Amino acid sequence: MNDMNLPTDPQHEKSTTGAPGTGTWTPDGEVLSAPHETAVLDAICTVYDPEIPVNIYELGLIYAVDITDDGDIRVEMTLTAPGCPSAQELPEQVREAVQKLPGARNVTVETVWDPPWNPGRMSEEARLSLNMF
């Protein structure tokens, strides 16, 4: 299993680790490799908070991504606040974006509250976009 625990360092760049595993067989016999972490993070970066014009990865809302060799993907994320009006839609948008990746099998997104999100988790790019120097 590839396990990527994202650091709390807002300067963190998307990381890559070893090659994907053996993959999943399609009904016509084609082997699909499990998506690579970079592809999963790229998919997550297409999801934006509707109230903030920054993608949720740059906002620091993604805490961990686990990918099995068979293509099962688990994303651990948080929200900016427990009462976030997007609490239902953002995790589902993440699941849908990741599920579209070739080789993705079962995608689950878990919303967690520990550690709580704070603006210090945002990337430098997000801070610049929001004029939060």
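Model label sites at Ala64 and Gln88, defined 7 Å from Cα along the beta-carbon direction, differ in position by 2.8 nm.
Taking the Cβ-Cβ separation of Thr38 and Thr108 as r and a Förster radius of 30 Å, what is the calculated FRET efficiency to the nearest 0.05? About 0.90, to the nearest 0.05.
Here the extension length gained between Thr46 and Glu76 equals 9.2 nm, from 0.36 nm per residue of separation less the Cα-Cα distance.
Every number in this text was worked out from the coordinates using simple rules, so none of it is lab data. Given the structure is predicted, the values throughout are model-derived calculations rather than measurements. Don't worry about glycine lacking a Cβ; one is built from the backbone with ideal geometry, like all the others, and counts go over all protein chains shown.
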